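For reference, the structure discussed in these notes is given below.
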Amino acid sequence: MAGSIDASLLRQNAHSPSFFALNRDGGHGADIVDFCIPCNPYFPTRDMFGRLRDNLETILKYYPSGADTITAELCSTLGLNPQTVAMGNGSTELITWIDHLLVRDSLAIPIPTFGRWTDQPMETGKRVDMFPLPESRDFNLDLESYIAFLRERRSRVAVICNPNNPDGGYLPRQDVIRMMDALVDLDLVIVDESFIDFVDAEPHTSVAAEATIRPNVIVLKSLGKNFGLHGIRFGYLVANPALAGKVRSMLPKWNLNSFAEIVVFLLKEHRAEYQQSLQRLAMDRRSMARQLAAMPGLKVFPSQGNFLLVKLPDGMSGVQLRDYLINEHGVFVRECGNKLGSTSSFLRLVVRPPQDVHRLLNGLGAFLYGTDKAHLISTSPPPEMRMDDPNRSYPNRDFGYTEQQPQHRQQVPPPTPLRTASPVEAMYGTRAG
Ligand SMILES: Cc1ncc(COP(=O)(O)O)c(C=O)c1O
């Protein structure tokens, strides 16, 4: 279906190829349904994209405001003190600076996880103490064991991703606070909350407010994932004013571009749509997990992220499956063989709308059971649920950790079988000032 995808692109390094790379030289990236890059499919709204399109020339021709102006607006939307925040060109830029400035000799991290947390400190000659998350415990982080591991290795910096990538495992907020209390003597404790807006397991999730009053804690957030805008490259960290200021002082005045500025200044107007996007995504996650778990031979791990980790039947190669899906079904998935602490038996599948999941299930079914048994797999997409359906439970989230916290929500029901089968100033007058 997708035709001429250059398979060598899929084998190059620890990260997936970009959509730009897939599209270059006659590739067919545009036909592909992307289950690889974990991006909110329901945000920004059409209206927001329209505003970006209408202002493209201004956005591209003019300098954005300095990062302090954009950061001040983000903080005003999220209810944060700008002194406790540093905004980066993607949270990856902040990971880089945290490593350069604040990681002296060693860093501990549970694996598998986001590759930059292991690779960045290794590239600068630090010791990386990798704590394996056991598959037998569904990759859940056992806090006591992790702390014992840190002590035994004498690691000076501790990192957790909450929820973790690629499994989506979530540590309740009180446990994260307990960990921060126990590790107050370390140089640094980092809680990467890049996927936390997708959590619906409990009403209070983020520990960002805690970070501002502690001596050695940084909370990190990506904005590309939850706002569905990876290409813009924006993220931020929250810490006490001294720590946040230290990172901020290293960043160029214009490290954030004009797209980032426009979007940050649009956020206040689009709060409700953002909340709805998270609600739809949480519903899609439940439905997608149920459908995948009903496929014989697949194991789906519990996730609070916008992706699901899936284990393939014994002996099956995720590499072959990925290549088959992209070439025959135009479905791009992430096999986890190049992630430390994982193997090719695992796929990370991004949560996507039901019609896309339908395409994925057809491809998976054909590969797993053969096209002659395709009748065993559902060929009709799951019914669309209405927003007012009383059976759906939705997060009632707000941005970041603002005072309004979400309602507690229902538990995920057990799986059921598949049914057989400064351009801102140009745009808004003086608003950016
Ligand atoms: C846990 C985690 N943190 C940070 C990042 C980097 O995000 P950004 O796109 O904001 O640089 C990723 C990217 O996948 C991630 O998985």
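Read-outs: derived from the displayed coordinates by stated rules, not from any lab. Owing to the predicted nature of the structure, the values given are computational and were not obtained by experimental measurement. Cβ coordinates were reconstructed from backbone atoms using ideal geometry, including for glycine residues, and neighbour counts include every protein chain displayed.
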To make sure I understand the rule: partners must be lysines, Cα under 19 Å from the Cα of K221, and not fewer than 8 residues away in the same chain. Which ones qualify? K246, K268
Paramagnetic reach from D31 (point 7 Å along Cα→Cβ, amide N under 15 Å) across the range 324-350: 324-332
How far apart, in nanometres, would the label points at A21 and D175 be if each is projected 7 angstrom from Cα along the Cα-to-Cβ direction? 3.4 nm
Taking the Cα centre of the range 301-373 as origin, work out the dipole magnitude from +1 charges on Lys and Arg Cβ and -1 charges on Asp and Glu Cβ, in debye rounded to 20. 240 debye
HN-Hα couplings for the range 147-155 via Karplus (6.51, -1.76, 1.60; θ = phi - 60°), in whole Hz with x for Gly/Pro, come out as 5, 4, 4, 4, 5, 4, 7, 6, 5
Lysines whose Cα lies under 20 Å from that of K61, excluding same-chain neighbours fewer than 8 positions away: K253
Rounded to 5, percent antiparallel among DSSP beta bridges of the range 63-270: 35 percent
Among the lysines, which have Cα under 16 Å from the Cα of K311 when same-chain residues fewer than 8 positions away are ignored? K299, K339
Sorted by packing (mean other beta-carbon atoms within 10 Å per residue), highest first, where do 66-75, 319-328, 162-171, 49-58 land? 162-171, 66-75, 319-328, 49-58
Order of F346, F19 - criterion: other Cβ atoms within 10 Å of each residue's Cβ, fewest first: F19, F346
Once the Cβ-Cβ distance between K61 and E273 is put in as r, and R0 is 25 Å, what FRET efficiency do you end up with, to the nearest 0.05? 0.30
For the range 266-275, what does the Karplus curve 6.51 cos²θ - 1.76 cosθ + 1.60, with θ = phi - 60°, yield as ³J(HN,Hα) per residue in whole Hz, taken in order and with x for Gly and Pro? 8, 4, 4, 6, 10, 3, 4, 5, 5, 4
Pull up all non-local amide H partners of G169: gap of 5 or more, or a different chain, and H-to-H distance under 5 Å with H placed in the peptide plane. N164, Q304
Let me spell out the model: positive unit charges on the Cβ of Lys and Arg, negative unit charges on the Cβ of Asp and Glu, origin at the Cα centre of the range 127-225. What dipole size does that give, in debye rounded to 20? 380 debye
Could you list K253, K339, K299 so that the one with the fewest beta carbons within 10 Å of its beta carbon is first and the one with the most is last? K253, K299, K339
Estimated FRET transfer efficiency when R0 is 45 angstrom, pair M316-T124 (beta carbons, to 0.05): 0.75
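Please give the contour-minus-distance gain from E202 to S136: 0.36 nm per residue of separation, less the Cα-Cα distance, rounded to one decimal in nm.
Fully extending the segment from E202 to S136 adds 21.4 nm.
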If the only charges are +1 at each Lys and Arg Cβ and -1 at each Asp and Glu Cβ, what is the size of the charge dipole of the range 35-153 around the Cα centre, to the nearest 20 debye? 160 debye
Contact order normalised by length for the range 63-270, with contacts defined as Cα pairs under 8 Å and 6 or more residues apart; what percent is it? 30 percent
Efficiency of FRET from Cβ geometry, A242 and D54, R₀ 41 Å, rounded to 0.05: 0.45
Each residue of the range 307-320 in turn: what ³J(HN,Hα) in whole Hz from Karplus with 6.51, -1.76, 1.60 and θ = phi - 60°, glycine and Pro shown as x? 7, 10, 8, 10, 9, 7, x, 3, x, 8, 8, x, 5, 4
For F307, distant residues with modelled amide H under 5 Å away: V351
